[in-house]
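J.: Before I ask anything, let me first share the structure, which is written out below as structure tokens.
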Amino acid sequence: MIITEQWLRQWVDTELSVNEIADILTLAGLEVDSVEAIKLPNVKVIVGEIISAAPHPDADRLQVCQVNDGKEVFQVVCGAKNVRAGIKVPYAIIGAELSDVKIKKAKLRGVESFGMLCSGEELGLHSSINGLLELPDDMTTGQPLVDAMGGIDHAINIDLTPNRGDCLSVLGLARELRVLQGSEIKSLPTAAVKLASVAEVSLENREKQSCTAYRARVIEGIDRGAVTPLWMAERLRRSGIKPINPVVDVTNYVMLETGQPLHGFDRRQVGDGIVVRNASRGEELLLLNGDEVKLSADTLLIVNTDGQPLAIAGVIGGETSGVYDDTDDVVLEAAHFSRTAVAGKAREYGVSTDSSHRYERGVDPLIGQFAIEYATLLMQEICGGKAGPIVEDSGPTLKPAKVSLRYDYLSELLGFSIPGSEVHELLCRISTDVISTESGWTITAPSYRHDMAYEADLVEEVARVFGYDRIPIKLPNLVPSSPIAREGDIDIPAMRRTMIARDYNETISYSFIDPEWDADYGSGETPVILANPLSENLSVMRTSLLPGLLNSAVLNVNRQVDRIRLFEIGGTYRLSGKETIETQRLGALCCGPVLPFSWEGDVRLTDLFDVKSELEAILCLTQFPNSFTFSKLGYKPLADNQVLGIYTNGEKVGWLGRLQPVIERKLGFESPVYAFELRLDRLNSQQLARYHPISKLPAVKRDLALVVNSDVAAGDVEETIKSVCGDELVSIELFDVYQGDNVPDGSKSLAYRITLQSVSKTLAEEDIDLVVSELLRQLEKVHSATLR
């Protein structure tokens, strides 16, 4: 928000310089982005009075004027259409500089001209007419124009946090300086408008929860030809708002000064009255900016009694909601809309307005009556008109919040003590209603301070007003502590190093993804839907890391990268009832050649077993890597014949597999894509690996070729071998899988090398035969396996 130094000083009495004001506001949490001198006319541009104007003897469009500079009368040749005797205008005397042009004595068509009469555009000032800038009659002839306009001025650009909507006005910043410095501020005028008309409109406020107060007043017979006075137009221009016409300019001026948004309707569009209601789903409105929008059912509208929407309440007017060149009667609106009713609506309809910016942050519910009276006075001063009575349809009066503050709590939270008498004085600056209690104070929050609802808010306010720069600097009394590392937990940095060492690149993806991508490539669990998404294609939280990895891989493929190896460690989210569950996972994806291109020979593409070896490298970081097993799994994005579930202690902890070929082609991959995902919390172990001495006794190896049905998984056979051989089993290696001659149809041969070793005795041949015979018996019983 931009306000001007001159305007602020009219409200608050302070000896501070503009830079000191900026420093104080910034230290109090209202960050001043910049203080810039406002460009004003050259000091040699003065207030000149045209004494006479006569036609140029040799040019039809020029006038020869006699101009009084307060001391002498000079001859100036001028071609403006509105030049005439009796008006005061900017007069650039000889030596003045305008846009790098120095004014000199000149001859125009044979007639001498001593200076130049200026338009607003030539001086960088606003002017509502095409021609000379006509100055007010009460300006002193001969006075430098910059002094007549109040002297040097500065634009103060303040970046406010969303909780300080009360400072989105000159009055709000004046109040803030009063609180911070104890300065006196101007009181709000109390004079009421004299009624000269009985004209009024009917009001029906159907949504008193959303529109807590609605006031309207008819002003009849305004002057169509009136123009916004220079002082008002300049204040608006310096504050970053373009002057438009007197009615609009008055509403903008009052909004900047008081913080209360106003709107002026042409009475012909309002008709007999105004209705405040919610929109019907699908209802359409053509906005002032030319956009036609379909309204959602929770959009608050201002409509006329014929049901025609006039405006989106607190956001933007419709095309028919403004005033026109032939407007005679105006309906002035001052309403209070709740923050929840307006929040997000500007973004929903793709607009940004000063009105919505204020309503979203909270407007003083008690300022509306003053604002509409003040605007009426200004409007009558500029364009006349007869004011009718204010009509109002409001909900229950909003009660100000009462907040208690305990002195002990204040000292505890701040980490130091402020004398109680000083705290009381600071609170009295913040609120006019402060009551001392046994433990501290109770205050009534001002109606414009929506950010003061809890005790902690008062602690912040006291610290802010006391001065953050005055808070003592000392080291806190903290006992050093750190989370105790559990030996059974997997080491995330080690996991990251392992993936990088295996030539993977880490990627970081948005947790927000497209709902369609979640449906196609997610885990199938219920996703968390965002209430206020950045965009439609980022409206749900990811249930799996696969969509983000695929998106990154597609970006690489589109840039002609053929060897892709990516991993990500991050959270996934799902709904369980009404609760959001977050789970940390490791996901990886790879496709293309196993090794980078080299001169050695043909390139081999990555296959499922390559990716399985990367996964097993991660599992080796856990306490019990041999406790993990692989079984067939059905998972929508992955090919049915190349997908495995990863289990430990009977619980699924992840998956591994190849993307469905149809998806690979859809996304533009030219080689198979493999991926895996692990739940990190399930890799932690409550038990620790125990030390076992290395046996000094010889190990015995036996090779077994087993014929089993084709649908029997090798992993299931291994589990049976482990259960039979017990502690004497050192290792199992599957070294051959065969289907063909000498193997019955529908069967396959699995060849295992089993290593047995005891730590207590040398295994005799009869011991080994006993184990092998029991093993074959169990394999036949469980898997119908026979020796080949």
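J.: Using the Karplus equation 6.51 cos²θ - 1.76 cosθ + 1.60 (θ = phi - 60°), what ³J(HN,Hα) coupling, rounded to whole Hz, does each residue of region 56-71 give in order, writing x for Gly and Pro?
T.: After applying 6.51 cos²θ - 1.76 cosθ + 1.60, I find 5, x, 10, 8, 5, 8, 10, 10, 9, 10, 9, 10, 8, 9, x, 10 Hz.
J.: Still on this model: Around Asn556, under 11 Å between beta carbons, what's the net of Lys plus Arg minus Asp minus Glu among the other residues? Please list the in-between numbers first.
T.: Values: positive: Arg559, Arg563, Arg565; negative: Asp562.
Charge balance in the 11 Å sphere: +2.
J.: Check which residues have an amide H placed less than 5 Å from Asn505's amide H, if you skip close sequence neighbours.
T.: Arg565, Leu566, Phe567
J.: With an 8 Å Cα cut-off and a minimum separation of 6 or more residues, compute the relative contact order for region 645-788 in percent.
T.: Across region 645-788, relative contact order equals 25 percent.
J.: Amide H neighbours of Lys632 under 5 Å, at least 5 residues apart or on other chains, H built in the peptide plane: list them.
T.: Hits under the 5 Å cutoff: Gly645.
J.: Taking amide H positions as placed 1.01 Å from N in the peptide plane, with prolines and chain starts having none, which residues 5 or more places from Val673, or on another chain, fall under 5 Å of its amide H?
T.: Leu659
J.: Could you calculate the contour length gain from Leu475 to Asn641, that is, 0.36 nm times the residue separation minus the distance between their Cα atoms, to one decimal place in nm?
T.: Values: separation 166, 0.36 × 166 = 59.76 nm, distance 6.24 nm.
Extra length from Leu475 to Asn641 when fully extended: 53.5 nm.
J.: Related question: Find the lysine pairs in region 1-152 meeting two conditions, Cα atoms under 24 Å apart and a separation of 8 or more places or different chains, and report how many there are.
T.: 23
J.: What's the carbon and sulfur percent of the chain's accessible surface, probe 1.4 angstrom, rounded to a whole number?
T.: 50
J.: Moving to a separate point now. Going Cα to Cα from Lys652, which lysines come in below 22 Å? Please leave out same-chain ones fewer than 8 positions away.
T.: By straight Cα distance, Lys652 reaches Lys612, Lys632, Lys636, Lys722.
J.: Grab every C-alpha pair in region 472-612, bin the distances at 5 angstrom width from 0 up to the longest one, and report whole percents.
T.: Bins of 5 Å from zero give 2, 8, 14, 16, 15, 13, 11, 8, 6, 3, 2, 1, 1, 0, 0 percent of pairs.
J.: Something else now. With a probe of 1.4 Å, find how much accessible area the chain has per residue, and write the answer as a whole number in Å².
T.: Normalised by residue count, the accessible surface of the chain is 51 Å².
J.: So how do 342-354, 256-268 stack up, highest first, on mean other-Cβ count within 10 Å? Let's see the in-between values first.
T.: Working: 342-354: 16.5, 256-268: 23.0.
The most tightly packed comes first, giving 256-268, 342-354.
J.: What are the ³J(HN,Hα) values, in whole Hz, obtained from phi via the Karplus relation 6.51 cos²θ - 1.76 cosθ + 1.60 with θ = phi - 60°, for each residue of region 491-497 in sequence order, with x given for Gly and Pro?
T.: 8, 4, x, 5, 4, 5, 5
J.: Need one number: nm distance between label points at Asp745 and Gln10, each 7 Å from Cα along Cα→Cβ, rounded to one decimal.
T.: The modelled label-to-label distance comes out at 10.1 nm.
J.: Using just the alpha carbons, could you tell me how many Å³ per residue the convex hull of region 145-282 encloses? Before the final figure, lay out the partial values.
T.: Working: hull volume 29.0 nm³, N = 138.
Measuring per residue, one finds 210 Å³ for the Cα hull of region 145-282.
J.: How much of the DSSP bridge set in the chain is antiparallel, in percent, rounded to the nearest 5?
T.: For the chain, the DSSP antiparallel bridge percentage is about 95.
J.: Please list 3J(HN,Hα) in residue order for region 425-431, calculated via the Karplus relation 6.51 cos²θ - 1.76 cosθ + 1.60 where θ = phi - 60°; whole Hz, with x for glycine and proline.
T.: 5, 5, 5, 5, 6, 6, 9
J.: Counting each pair of different Cα atoms once, what's the Kirkwood radius of region 642-788 in Å, rounded to one decimal?
T.: Averaging 1/r across every pair of different Cα atoms and inverting gives 18.4 Å.
J.: Starting from the Cα of Glu616, move 7 Å in the Cα-to-Cβ direction to define the label point; list residues of region 646-666 whose amide nitrogen is under 11 Å from there.
T.: none
J.: Relative contact order for region 621-717: what percent, with Cα pairs under 8 Å and sequence separation of 6 or more?
T.: RCO, region 621-717: 23 percent.
J.: Calculate, in nm to one decimal, what Phe597 and Ser352 gain on full extension: separation in residues at 0.36 nm each, minus their alpha carbon distance.
T.: Numbers: separation 245, 0.36 × 245 = 88.20 nm, distance 5.36 nm.
Contour length minus the Cα-Cα distance gives 82.8 nm.
J.: Now, a different point. Using the beta-carbon distance between Ser695 and Glu651 and R0 = 30 Å, what value does 1/(1 + (r/R0)^6) give for FRET efficiency, to the nearest 0.05?
T.: 0.40
J.: Further, regarding this structure: If each residue of separation counts as 0.36 nm, what is the full-extension length gain between Ser631 and Leu534 once their alpha-carbon separation is subtracted?
T.: Details: separation 97, 0.36 × 97 = 34.92 nm, distance 3.97 nm.
Full extension from Ser631 to Leu534 adds 30.9 nm.
The values are calculated or read from the model by the stated rules, or taken from the named source; none is laboratory data. Worth saying up front: this structure is predicted, and the values here are computed from it rather than measured. As a convention, Cβ positions derive from the backbone with ideal geometry for all residues, glycine included, and neighbour counts pool all protein chains shown. Surface areas here come from the heavy atoms of the whole protein model, side chains and all, with no ligands, DNA or RNA. Shrake-Rupley method; radii C 1.70, N 1.55, O 1.52, S 1.80 Å.
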